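**Q** I have a structure I would like to understand better, so I am pasting it below and will then ask my questions one at a time.
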Amino acid sequence: GKDHLPKAEIDMNPEVLARLERFAEVDGERIRQINAYSPSMERWIPLVWIVPEDTSTPRPTLYALGGGDGGQGSANWITKTDMAELMSSNNVNVIMPMLGSHSFYADWVEENESLGGKQQWETFLTHELPGPLEAAIGGDGQRSIIGMSMSGGSVVNIASHQPNFYSSVASLSG
């Protein structure tokens, strides 16, 4: 297993990226940017967090992976769905990892400089990120994962490699 691997470092108050303000409607309140350092990819990964309306008790976490542009373009979960309103009002944390464009959110054997270097997305999403992130945002250990387009098949693969890690899995157009 990979339980021995280092965990992500979480920065709850990073400088917000302009493209996330524009394309993911990050406003610093209902929709926030968090950064997580991935030891396996050796870089900071911006995460968009849709904050639940009630944060007084721990809540489930939904990991929503983007399509080919990694969620950083105009066709993402926030701009093309009502996910922000639906999940926030149902008191679910939603986390959308950015920078995964054209990666299929997989662990790659070789680095790809045009995509930012090392691509170890499955390791990041299943071993490095959940514990520290969910502790920081008030997760309750229940998690689900959803993917669209490029990441649709990826979420099914990720979940099949980690039995019982996710409560549910959804693939849309994948």
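**Q** Across the range 145-174, what is the total count of residues that are open to solvent by 60 Å² or more (accessible area, probe 1.4 Å) and of a type in the set (Val, Ile, Thr)?
**A** Number satisfying all stated conditions: 2.
**Q** Continuing with this model, one more query. In the range 100-112, what residues are touching a Leu at 6+ places or on another chain (Cβ under 8 Å) and either in contact (Cβ under 8 Å) with a residue 40 or more places away in the chain or open to solvent by 50 Å² or more (accessible area, probe 1.4 Å) (or both)? I'd like the intermediate steps shown before the answer.
**A** Just the residues of the range 100-112 that are touching a Leu at 6+ places or on another chain (Cβ under 8 Å), to begin with: 100-103, 105.
Gly100, His102, Tyr105, listed by residue number.
**Q** Considering only the range 105-160, how many residues are among the basic types (Lys, Arg) and within 23 Å of Glu53 (Cα to Cα)?
**A** To start, the set of residues in the range 105-160 that are among the basic types (Lys, Arg) comprises 118, 143.
In the following step, the residues that additionally are within 23 Å of Glu53 (Cα to Cα) were identified as 143.
Looking only at that region, the number is 1.
**Q** Would you call Ala135 closer than 22 Å to Glu9 by Cβ, open to solvent by 10 Å² or more (accessible area, probe 1.4 Å), modelled with pLDDT of 95 or more and not acidic (Asp, Glu)? Reasoning before the result, please.
**A** Numbers: closer than 22 Å to Glu9 by Cβ: yes; open to solvent by 10 Å² or more (accessible area, probe 1.4 Å): yes; modelled with pLDDT of 95 or more: yes; not acidic (Asp, Glu): yes.
Spelling it out, Ala135 is indeed closer than 22 Å to Glu9 by Cβ, open to solvent by 10 Å² or more (accessible area, probe 1.4 Å), modelled with pLDDT of 95 or more and not acidic (Asp, Glu).
**Q** Another question, if that's okay. Looking at the range 74-99, which of the residues that are more than 21 Å from Ala135 (Cα to Cα) and either in contact with a Ser or Thr (Cβ under 9 Å, 6 or more places away or on another chain) or part of a loop (DSSP other than H, G, I, E, B) (or both) is least open to solvent (accessible area, probe 1.4 Å)?
**A** Asn76
**Q** Something else about it: Where residues in the range 51-66 are under 13 Å from the mean Cα position of the chain (by Cα) and either among the hydrophobic types (A, V, I, L, M, F, W, C) or not in a strand (DSSP E or B) (or both), which of them is modelled with the lowest pLDDT? Even if it seems obvious, please write down each step before you answer.
**A** Here is the first cut: in the range 51-66, the residues under 13 Å from the mean Cα position of the chain (by Cα) are 61-66.
Narrowing the set further to residues that are either among the hydrophobic types (A, V, I, L, M, F, W, C) or not in a strand (DSSP E or B) (or both) leaves 62, 64-66.
On the way: Leu62: 98, Ala64: 97, Leu65: 97, Gly66: 94.
It comes out as Gly66.
**Q** Which members of the range 113-130 meet the condition of being surrounded by fewer than 21 Cβ atoms within 10 Å (Cβ to Cβ), over 13 Å from the mean Cα position of the chain (by Cα) and either modelled with pLDDT of 95 or more or part of a loop (DSSP other than H, G, I, E, B) (or both)?
**A** Gly116, Lys118, listed by residue number.
**Q** When you scan the range 52-73, how many residues do you find that are β-branched (Val, Ile, Thr) and open to solvent by less than 10 Å² (accessible area, probe 1.4 Å)? Give the steps one after another, and end with the answer.
**A** Residues of the range 52-73 that are β-branched (Val, Ile, Thr), as a first pass: 55, 57, 61.
Filter once more, so that each one left must be open to solvent by less than 10 Å² (accessible area, probe 1.4 Å): 61.
The qualifying residues number 1.
**Q** On to the next question. So in the range 4-34, with the set limited to residues that are part of a loop (DSSP other than H, G, I, E, B) and acidic (Asp, Glu), which one is most open to solvent (accessible area, probe 1.4 Å)?
**A** Glu15
**Q** Does at least one position in the range 35-50 carry a residue that is under 21 Å from Phe124 (Cα atoms), among the hydrophobic types (A, V, I, L, M, F, W, C), open to solvent by 50 Å² or more (accessible area, probe 1.4 Å) and assigned to a strand (DSSP E or B)?
**A** Taking every residue of the range 35-50 in turn, at least one turns out to be under 21 Å from Phe124 (Cα atoms), among the hydrophobic types (A, V, I, L, M, F, W, C), open to solvent by 50 Å² or more (accessible area, probe 1.4 Å) and assigned to a strand (DSSP E or B).
**Q** Residues in the range 90-117 that are over 20 Å from Ala75 (Cβ atoms) and touching a strand residue (DSSP E or B) at 6+ places or on another chain (Cβ under 8 Å): how many? Quick ask: steps written out before the conclusion?
**A** From the range 90-117, those over 20 Å from Ala75 (Cβ atoms) are 90-93, 106-114, 116-117; that's our starting set.
This time we only want the ones that are touching a strand residue (DSSP E or B) at 6+ places or on another chain (Cβ under 8 Å), so: 91-93, 107-108, 111, 116-117.
Here the count works out to 8.
The values are calculated or read from the model by the stated rules, or taken from the named source; none is laboratory data. The structure displayed is predicted, hence computed values, not measured ones. Ideal geometry is used to build each Cβ from the backbone, glycine not excepted, and the neighbour counts take in all protein chains shown. The protein model used for the area step is the full one, side chains on, heavy atoms only, and it has no ligands, DNA or RNA in it. Shrake-Rupley method; radii C 1.70, N 1.55, O 1.52, S 1.80 Å.
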